[in-house]
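Peer 1: One structure, as structure tokens, below. Some questions next.
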Amino acid sequence: MKKIIFTLSVFGLFFVSCKQNKISENLSDLKAKHKYYLAHSPFNDILSVDFGKQKQEAVPPNKYLARQWELTINPRLGRPTPEKLHQLQKQLQSFRETHRTVPGDNGNAWEERGPNNVGGRAKAVIFDPNDATGKRVFAGGVSGGLWYNNDITNSNSPWQITDMPQNMAVTSISVDPNNPQIFYVGTGESYTGGAVNGNGVWKSTDGGYHWTHVFGGKDGETQFVTNANLNIQSPVALQGDLHAVSAAFGPDLSSISGELVLADDGTANPLEACNALVNSSDINGKI
């Protein structure tokens, strides 16, 4: 009997030892991959890459976001995986629908400690047009999803989360002018590299009680809406229409036509044209 126990103990130790060695080897391999990806980061030479190439290679627009990209890469893949965020949101939403629970339940409820006079960064607020009393309000935050309050005039009336994912950047809300039961919510902000992202457009057909994903984001086709169009006629290799967006500064663009010339301000990023141009004679009379 003792011999059998001893034999099983040796086998158990051998099995644990092999498993630990395998885990150690996997970690070593993962660390080596991570080190390689960081050493060959696409942002190592970011200061010398012009804006056109940055856009083509999907490079973030500044060093902070580049660093965020490197800090959040999957060491096995060598890139961040923001698509995992939406998968997790769906899992949490499904869990919430079946369990109806939140952190702090099961006899250990949260107690609010304040402050209660800070609204956070809410970017979208709308009064429910279906509420004749004018008290029901929807509010969307860029890091908290979409909430509603049935009586905004009552300080004791609680805010309640809708069935949209909580960790969602809500930036706009609109109502169909022909049917007040139909709501639309736009999500996402420009140049975000953190955990709170958008996921396209969401729609409600029952006055904001239930929401479905319409299009866009990581899980669907994104439609880009533009307020300008750029038509290239030559060279032949670049012929065609391109989407364009007017800048937030300067006058609105009217219909213009002419030869296009690349700007050069003599800096490490010459195409940004943020300094005096060194090829002004080449651009004179051209776009």
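Peer 1: Of all residues in the range 250-270, which are at pLDDT 80 or above and hydroxyl-bearing (S, T, Y)?
Peer 2: Matches in the range 250-270: T267 only.
Peer 1: Between a first residue in the range 259-286 that is farther than 23 Å from Q233 by Cα and a second residue that is open to solvent by 60 Å² or more (accessible area, probe 1.4 Å) and part of a helix (DSSP H, G or I), which pairs have beta carbons less than 9 Å apart while being 6 or more apart in sequence or on different chains?
Peer 2: Note: pairs meeting the criteria are D265/L271; D265/E272; A268/L47; A268/S48; N269/L47; N269/S48; N269/F51; E272/F51.
Peer 1: May I pose another question? Would you mind stating whether N227 is touching a helix residue (DSSP H, G or I) at 6+ places or on another chain (Cβ under 7 Å), of a type in the set (S, T, N, Q) and at pLDDT below 85?
Peer 2: Numbers: touching a helix residue (DSSP H, G or I) at 6+ places or on another chain (Cβ under 7 Å): no; of a type in the set (S, T, N, Q): yes; at pLDDT below 85: yes.
In short, no.
Peer 1: Identify the residue in the range 164-175 that is part of a loop (DSSP other than H, G, I, E, B) and open to solvent by 40 Å² or more (accessible area, probe 1.4 Å) and, among all such residues, is nearest to H210 (Cα to Cα).
Peer 2: Residue satisfying both the conditions and the ranking: Q166.
Peer 1: Can you tell me how many residues in the range 266-281 are over 14 Å from G52 (Cβ atoms) and surrounded by 14 or more Cβ atoms within 10 Å (Cβ to Cβ)?
Peer 2: 3
Peer 1: Would a scan of the range 52-59 turn up a residue that is within 26 Å of A273 (Cβ to Cβ), at pLDDT below 70 and within 16 Å of the chain's Cα centre (by Cα)?
Peer 2: yes
Peer 1: Mind counting the residues in the range 118-155 that are in a loop (DSSP other than H, G, I, E, B) and in contact (Cβ under 8 Å) with a residue 60 or more places away in the chain? It would help to see each step written out before you state the result.
Peer 2: Going residue by residue through the range 118-155, those that are in a loop (DSSP other than H, G, I, E, B) are 118-121, 128-136, 142-144, 150-155.
Keeping just the survivors that are in contact (Cβ under 8 Å) with a residue 60 or more places away in the chain gives 128, 130.
Here the count works out to 2.
Peer 1: If you take the residues in the range 145-163 that are among the β-branched types (V, I, T) and open to solvent by 50 Å² or more (accessible area, probe 1.4 Å), which one is nearest to S204 (Cα to Cα)? Steps first, answer last, please.
Peer 2: Here is the first cut: in the range 145-163, the ones among the β-branched types (V, I, T) are 152-153, 161-162.
Remaining after also requiring open to solvent by 50 Å² or more (accessible area, probe 1.4 Å): 152-153.
On the way: I152: 21, T153: 25 Å.
Here the answer is I152.
Peer 1: If we keep just the residues of the range 193-219 that are open to solvent by less than 60 Å² (accessible area, probe 1.4 Å) and modelled with pLDDT under 75, which is farthest from P80 (Cα to Cα)?
Peer 2: Top of the filtered list is G217.
Peer 1: Additional query: Inside the range 176-192, can you point out the residues that are among the β-branched types (V, I, T), at pLDDT 85 or above and open to solvent by 20 Å² or more (accessible area, probe 1.4 Å)?
Peer 2: Across the range 176-192, the qualifying residues are I182, T187.
The values are calculated or read from the model by the stated rules, or taken from the named source; none is laboratory data. Only a predicted model underlies this, so the values are computations on that prediction, with no experimental measurement involved. Don't worry about glycine lacking a Cβ; one is built from the backbone with ideal geometry, like all the others, and counts go over all protein chains shown. Remember, those area values only see protein heavy atoms, side chains included, never the ligands or the DNA or RNA. Shrake-Rupley method; radii C 1.70, N 1.55, O 1.52, S 1.80 Å.
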